[in-house]
Amino acid sequence: MSKGHASLAAGSTVLAGLAAFGLLAAGCSTGGTGTRDEGAAVTTPVERGVPPNKASAVPPSETVDAVSLLRGDPKVSPRIKADLKQCGEGTYPVDTSYGDLTDGAAPDVVINVMTCGDAVGVGTFVYREKDRAYENVFAAEEPAVYSTIDRGELVVTQQVYAKGDPMSYPSGEDVVTYSWGDGKFSERYRVRNDYSRAAPRPEPSVADDG
């Protein structure tokens with residue numbers, strides 16, 4: 001074979017190899033039918049109506065005085081304000097959380113009010129900063145209620161009591177998830193959990209007739 005024919009044959013071999021490599025690469029792309037045929041790529045599901053990249057608000061530079069905020073709020077009942085007494089030296093029965101619930105410029109404030117003796121929730125409130133003041137945008141004043149912030153949503157848990165249940169042994173709980181939209185919180189999910197009655201429960205106390 002002459003040098004010209006040898007060079008031509010070698011060139012054809014190289015081109016054939018490149019063509020084969022191109023077909024293989026196309027089969028391995030996301031739009032091809034190569035190795036991806038084993039199954040779809042795993043992606044994180046995005047829930048409808050919830051921004052996938054919603055991040056928590058920046059932590060507050062200053063914390064609020066939860067007791068003063070509740071006492072000065074006309075939407076808070078006198079019963080709740082009466083419960084705002086010190087349980088110990090300088091300690092009030094309130095839990096305060098900060099987070100992004102309403103897409104505001106500042107973190108929202110969730111305040112839970114509890115009893116001193118057994119720390120049972122008696123009221124829960126959400127405040128949104130507006131014009132350098134805090135606005136009450138959610139309130140629930142019910143026995144055994146408590147709120148938390150979960151991935152940008154408000155989760156309210158309330159104990160459910162049947163007739164004769166002692167305060168420390170409820171029959172179950174309702175867990176309600178709220179989302180912010182159109183200037184208010186709207187219920188999205190509700191879950192009822194019924195507790196097992198297998199464990200022995202104390203009998204309700206009966207007043208002594210004597």
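With a 1.4 Å probe and all protein chains left in place, how much of the accessible area of the range 83-159 comes from carbon and sulfur atoms, in whole percent? So the carbon and sulfur contribution to the accessible surface is 43 percent. Which entries of LYS75/LYS130; LYS75/LYS184; LYS85/LYS130 have Cα-Cα distances beyond 19 Å here? Long pairs (Cα-Cα over 19 Å): LYS85/LYS130.
Scattering from the range 84-204 was approximated by placing one identical point on each alpha carbon and applying the Debye formula without solvent; log10 I(q)/I(0) at 0.09, 0.10, 0.13, 0.14 1/Å stands at -0.30, -0.37, -0.59, -0.68.
The values are calculated or read from the model by the stated rules, or taken from the named source; none is laboratory data. Computed from a predicted structure; not experimentally measured. Note: accessible area is taken over every heavy atom of the protein model, side chains too, but ligands, DNA and RNA are not part of it. Shrake-Rupley method; radii C 1.70, N 1.55, O 1.52, S 1.80 Å.
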